[in-house]
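Working notes for the structure below.
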Amino acid sequence: MINRDAFIRFRYRYIPDHVVGELLAKRWMDNAIPFLALIVVLVVFGRILPGFYSISNLTDLSRQFAELGLVVLGLTIVMLSGGIDLSVGSVFGLAVLVASICMNVWNLGVGVTLVACLALGIVCGAINGILVGYLRLRAFLTTLVTLIVFRSIYELVFPGFSTAIVANIPDSTVWDYVGNGTVFGVPFSFLVTAVIAVLWHLVLSRMRPGWRLMAVGGARRSAHNAGINVRRTICNAYIWSSVLCCLAGFFNAARLGSTGSDTGVGMEITALTAVVLGGNSLGGGRGSVAKAVLGTVIVLILSNALIAHQHVRESRLEQEKLVVALESRTRLAYARYRGGVDTQLDALDADRDLFQAQIGLSQLRLSELLSVVQLYKALGGGWQS
């Protein structure tokens, strides 16, 4: 009993768990934890991959951020209203397909393409908004169904235009500038995303529509009793989510100049991870644009750094195999010179090791060549028919 009392006194004197609990309950801690996680990610991968933060790589990351950031921002708006939108990846893929058809196949111009993408976002968002907001269906199941529906439309339309999309290149300097242009070294798409993020931060923190959105996400019954049109607010949240996703698809089509069968697949998982990792609440009513931005940056750096680290690791393994095979071949040649080899078995084994190492190195060079081709397409080079 005495030892137990002494342990309790020691615990409450030297282990301030109540202080930790009070710190975690602070509102500023919601932003502090993702920020500290971002600092850790930056430092760790900066030491593992020395050239990861080069100017060219940061420029490419900023263009990816412009696309994923818009999708994450749209999903954040829906989650702040107390819902969830699982169809963001399918809507993004449809927008990329529409933009590619308008520019590569029909040559409609950048302005018409942008209007078509935004109109697509309004239609897709209105479908989700009416079903969830006005008909009061379950957001998770409803958007899961629309994810399948929108993806099915993509799979039905894409095969009919895939060859024409790849074979044709739009002759438009504006389209090239939207995808790969810069303003004082900063990508154009990144600047547009930054402006949209700042505007939405002002809406959510300083304007009545944002306050109503947060109120609906926090307590719908209380918001209804306060005179807020809950159904219209929810519907507008889904419309804005789809519009931002389609704008992201517009930027993606301009950057890559084409689309594929897997465009947008799994993007809803990536966006949801970024939203939650940034500190936004799944229950709604609590979150911010800054948290969405932090989560997006963390996810982008993690995914790109892990891919780069895996590529470096495979390159080193193949080089080590080649060195070992060459060393084995050298030792065999020396043994032949000294007369220490009487059979051809050792020679065959050495030749086999060398041949396998050369095959592995050739496969590595082929993967590097494919990476260069993808980079060439990303930079707007495209293909001539």
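The values are calculated or read from the model by the stated rules, or taken from the named source; none is laboratory data. Quick caveat, the model's predicted, so the values are computed rather than measured. Cβ sites come from the backbone with ideal geometry, for glycine too, and all protein chains shown count toward neighbours.
With more than 22 Å from the chain's Cα centre (by Cα) and of a type in the set (Val, Ile, Thr) as the only criterion, which of 101, 77 stands out?
101
Which residue is surrounded by the most Cβ atoms within 10 Å (Cβ to Cβ), if the candidates are limited to the stretch 170-197 and must be without any contact (Cβ under 8 Å) to a residue 24 or more places away in the chain and within 20 Å of the chain's Cα centre (by Cα)?
188
Would you check if there is a residue in the stretch 206-227 being among the aromatic types (Phe, Trp, Tyr) and in contact (Cβ under 8 Å) with a residue 24 or more places away in the chain?
There is no residue in the stretch 206-227 that is among the aromatic types (Phe, Trp, Tyr) and in contact (Cβ under 8 Å) with a residue 24 or more places away in the chain.
In the list 256, 247, which residue meets the criterion of being modelled with pLDDT under 95, out of contact with any Phe, Trp or Tyr (no Cβ under 8 Å at 6 or more places or on another chain), surrounded by 17 or more Cβ atoms within 10 Å (Cβ to Cβ) and under 30 Å from residue 152 (Cα atoms)?
Only one candidate passes the filter, namely 256.
Would you mind telling me which numbered condition in (1) modelled with pLDDT under 90; (2) surrounded by 14 or more Cβ atoms within 10 Å (Cβ to Cβ); (3) not in a helix (DSSP H, G or I) residue 50 fails?
(2)
Please find, among 137, 108, 118, the residue that is touching a Leu at 6+ places or on another chain (Cβ under 8 Å) and outside any helix (DSSP H, G or I).
137
Taking the conditions exactly as written (under 28 Å from residue 232 (Cα atoms) and either part of a helix (DSSP H, G or I) or of a type outside the set (Asp, Glu) (or both)), does residue 93 satisfy them or not?
Yes.
Exactly one condition in (1) surrounded by fewer than 22 Cβ atoms within 10 Å (Cβ to Cβ); (2) farther than 26 Å from residue 129 by Cα; (3) in contact (Cβ under 8 Å) with a residue 40 or more places away in the chain is not met by residue 307; state its number.
Of everything listed in (1) surrounded by fewer than 22 Cβ atoms within 10 Å (Cβ to Cβ); (2) farther than 26 Å from residue 129 by Cα; (3) in contact (Cβ under 8 Å) with a residue 40 or more places away in the chain, residue 307 misses just condition (3).
Does the stretch 68-82 include one or more residues that are over 26 Å from residue 192 (Cβ atoms), in a loop (DSSP other than H, G, I, E, B) and modelled with pLDDT of 90 or more?
Yes: the stretch 68-82 contains one or more residues that are over 26 Å from residue 192 (Cβ atoms), in a loop (DSSP other than H, G, I, E, B) and modelled with pLDDT of 90 or more.
Please give the helices (runs of 4 or more DSSP H) falling wholly within the stretch 184-277 in which 3 or more residues are closer than 27 Å to residue 41 by Cβ.
Helices (runs of 4 or more DSSP H) meeting the threshold: 188-206, 230-256, 267-277.
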